[in-house]
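Peer 1: Can you read through this structure? Questions will come right after.
The values are calculated or read from the model by the stated rules, or taken from the named source; none is laboratory data. Treat the numbers as computed from the prediction; the structure is a model and nothing was measured. Calculation scope for accessible area: heavy atoms of the full protein, side chains included, ligands and nucleic acids excluded. Shrake-Rupley method; radii C 1.70, N 1.55, O 1.52, S 1.80 Å.
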Amino acid sequence: KMKKYILILLTLLFVGFSYAQNKNETEISISEVEQKPRFQECKDVPENETFKCFQEVLNKHIENTLKYPTDAKEVGIEGRVNVSFRIKKDGSTEVIALRGGDKLLEQEAKRIIESMPKLIPAKQNGKPITVTIAYPIFFKL
(Lines give C-alpha, C1' and ligand atoms only; values in the text may rest on other atoms or scores of the structure.)
Protein backbone atom coordinates (compact mmCIF):
# COMPACT_ATOMS: atom_id res chain seq x y z
CA LYS A 1 0.00 0.00 0.00
CA MET A 2 1.39 3.35 -1.02
CA LYS A 3 1.91 5.73 1.84
CA LYS A 4 0.20 9.05 1.29
CA TYR A 5 1.40 12.33 2.66
CA ILE A 6 -0.88 15.24 3.24
CA LEU A 7 0.52 18.47 1.91
CA ILE A 8 -1.14 21.61 3.06
CA LEU A 9 -0.51 24.53 0.78
CA LEU A 10 -1.16 27.78 2.55
CA THR A 11 -1.17 31.10 0.85
CA LEU A 12 0.85 33.95 2.25
CA LEU A 13 -1.83 36.47 1.47
CA PHE A 14 -5.28 36.79 2.89
CA VAL A 15 -8.02 36.77 0.29
CA GLY A 16 -9.85 39.43 2.22
CA PHE A 17 -9.71 41.15 5.55
CA SER A 18 -12.34 43.71 6.47
CA TYR A 19 -14.39 44.73 9.43
CA ALA A 20 -17.81 45.97 10.37
CA GLN A 21 -19.07 46.67 13.88
CA ASN A 22 -22.55 45.57 12.89
CA LYS A 23 -24.56 45.02 9.74
CA ASN A 24 -25.75 48.62 9.65
CA GLU A 25 -22.27 50.13 9.54
CA THR A 26 -20.02 50.57 6.55
CA GLU A 27 -17.04 48.26 6.27
CA ILE A 28 -13.67 49.92 6.25
CA SER A 29 -10.30 48.74 5.01
CA ILE A 30 -8.18 46.66 7.38
CA SER A 31 -5.48 49.28 6.92
CA GLU A 32 -7.77 51.67 8.83
CA VAL A 33 -8.22 49.30 11.78
CA GLU A 34 -6.05 50.54 14.61
CA GLN A 35 -5.34 47.11 16.10
CA LYS A 36 -5.68 43.95 14.07
CA PRO A 37 -6.93 40.77 15.73
CA ARG A 38 -4.21 38.56 17.12
CA PHE A 39 -3.52 35.17 18.59
CA GLN A 40 -2.20 35.11 22.16
CA GLU A 41 1.21 34.13 20.68
CA CYS A 42 1.24 37.50 18.88
CA LYS A 43 0.16 39.74 21.77
CA ASP A 44 3.59 41.32 22.27
CA VAL A 45 4.40 41.70 18.55
CA PRO A 46 4.62 45.30 17.25
CA GLU A 47 1.48 46.38 15.37
CA ASN A 48 3.31 46.50 12.01
CA GLU A 49 4.21 42.78 12.38
CA THR A 50 0.83 41.61 13.71
CA PHE A 51 -0.55 40.60 10.31
CA LYS A 52 2.46 38.39 9.53
CA CYS A 53 2.36 36.79 13.00
CA PHE A 54 -1.40 36.20 12.64
CA GLN A 55 -0.86 34.38 9.34
CA GLU A 56 1.98 32.26 10.70
CA VAL A 57 0.00 31.14 13.75
CA LEU A 58 -3.16 30.53 11.67
CA ASN A 59 -1.17 28.45 9.18
CA LYS A 60 0.37 26.43 12.03
CA HIS A 61 -3.10 25.90 13.53
CA ILE A 62 -4.43 24.65 10.18
CA GLU A 63 -1.44 22.34 9.70
CA ASN A 64 -1.70 20.89 13.23
CA THR A 65 -5.50 20.55 13.23
CA LEU A 66 -6.26 19.28 9.72
CA LYS A 67 -7.52 15.70 9.53
CA TYR A 68 -7.94 14.79 5.88
CA PRO A 69 -11.45 13.33 5.53
CA THR A 70 -11.10 9.56 5.05
CA ASP A 71 -13.84 9.36 2.41
CA ALA A 72 -12.22 12.20 0.44
CA LYS A 73 -8.79 10.57 0.73
CA GLU A 74 -10.08 7.19 -0.49
CA VAL A 75 -11.45 8.66 -3.72
CA GLY A 76 -8.62 11.15 -4.22
CA ILE A 77 -10.53 14.38 -3.64
CA GLU A 78 -8.31 17.44 -3.43
CA GLY A 79 -9.07 21.12 -3.63
CA ARG A 80 -9.27 24.53 -2.09
CA VAL A 81 -11.90 25.73 0.34
CA ASN A 82 -12.32 29.47 0.83
CA VAL A 83 -13.50 30.07 4.37
CA SER A 84 -15.05 33.38 5.42
CA PHE A 85 -15.18 33.82 9.15
CA ARG A 86 -15.64 36.48 11.78
CA ILE A 87 -13.47 37.17 14.76
CA LYS A 88 -16.05 38.64 17.11
CA LYS A 89 -15.67 41.35 19.74
CA ASP A 90 -15.16 38.65 22.41
CA GLY A 91 -12.40 36.93 20.36
CA SER A 92 -14.50 33.92 19.37
CA THR A 93 -14.72 32.79 15.74
CA GLU A 94 -17.78 32.14 13.60
CA VAL A 95 -17.71 30.62 10.11
CA ILE A 96 -20.05 32.58 7.84
CA ALA A 97 -19.36 31.05 4.40
CA LEU A 98 -17.60 28.12 2.78
CA ARG A 99 -16.78 27.86 -0.93
CA GLY A 100 -15.10 24.74 -2.24
CA GLY A 101 -15.58 21.91 -4.65
CA ASP A 102 -16.42 19.24 -2.11
CA LYS A 103 -18.67 19.14 0.97
CA LEU A 104 -16.29 16.84 2.90
CA LEU A 105 -13.45 19.31 2.49
CA GLU A 106 -15.76 22.21 3.39
CA GLN A 107 -16.83 20.43 6.60
CA GLU A 108 -13.21 19.88 7.61
CA ALA A 109 -12.28 23.50 6.84
CA LYS A 110 -15.19 24.65 9.03
CA ARG A 111 -14.09 22.35 11.86
CA ILE A 112 -10.52 23.71 11.68
CA ILE A 113 -11.61 27.35 11.92
CA GLU A 114 -14.17 26.65 14.65
CA SER A 115 -11.47 24.94 16.73
CA MET A 116 -9.32 28.07 16.82
CA PRO A 117 -8.49 29.34 20.30
CA LYS A 118 -10.07 32.54 21.54
CA LEU A 119 -8.27 35.50 19.98
CA ILE A 120 -7.51 39.04 21.04
CA PRO A 121 -10.13 40.97 19.01
CA ALA A 122 -9.39 43.82 16.64
CA LYS A 123 -9.84 47.31 18.08
CA GLN A 124 -10.95 50.61 16.63
CA ASN A 125 -10.95 53.77 18.76
CA GLY A 126 -9.87 51.58 21.68
CA LYS A 127 -13.00 49.41 21.46
CA PRO A 128 -13.19 45.75 20.36
CA ILE A 129 -14.73 45.28 16.92
CA THR A 130 -15.75 42.34 14.75
CA VAL A 131 -13.47 41.51 11.83
CA THR A 132 -14.36 39.33 8.84
CA ILE A 133 -11.60 37.33 7.17
CA ALA A 134 -11.61 35.24 3.99
CA TYR A 135 -8.87 32.62 3.98
CA PRO A 136 -8.16 29.67 1.67
CA ILE A 137 -7.36 26.20 2.98
CA PHE A 138 -5.77 23.83 0.47
CA PHE A 139 -6.24 20.06 0.62
CA LYS A 140 -3.68 18.03 -1.31
CA LEU A 141 -2.96 14.31 -1.17
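Peer 1: With a bin width of 5 angstrom, please list the P(r) values of the range 54-141 as percents of all Cα-Cα pairs, from the 0 bin to the one holding the largest distance.
Peer 2: Whole-percent P(r) values from 0 Å outward: 3, 14, 24, 24, 15, 10, 6, 3, 1, 0, 0.
Peer 1: Another question, if that's okay. Taking all protein chains together and a probe of 1.4 Å, list 44, 102, 90 from the most accessible to the least accessible. Could you put the intermediate results ahead of the total?
Peer 2: Values: 44 135, 102 35, 90 85 Å².
From most exposed to least exposed: 44, 90, 102.
Peer 1: While we're here: Averaging over all projection directions, find the projected area of the Cα convex hull of the range 97-141 and quote it in nm² with one decimal place.
Peer 2: 4.0
Peer 1: What order do 53, 42 take when sorted by accessible area (1.4 Å probe), most exposed first? Walk me through the numbers before you get to the answer.
Peer 2: Values: 53 20, 42 0 Å².
Sorted descending by solvent-accessible area, the residues read 53, 42.
Peer 1: Continuing with this model, one more query. Can you work out the accessible area per residue across the range 62-141, with the rest of the protein chains kept in place, probe 1.4 Å, in square angstrom? Provide the component values of the computation, followed by the final result.
Peer 2: Details: 3930 Å² over 80 residues.
With the other protein chains kept in place, the range 62-141 gives 49 Å² per residue.
Peer 1: Straight-line reach from residue 52: which aspartates and glutamates fall under 18 Å, measuring Cα to Cα and dropping same-chain residues less than 8 apart?
Peer 2: Here the aspartates and glutamates satisfying the reach criterion relative to residue 52 are 32, 34, 41, 44, 63.
Peer 1: What does the accessible area of residue 80 come to, in Å² to the nearest 10, when a probe of 1.4 Å is used?
Peer 2: 110
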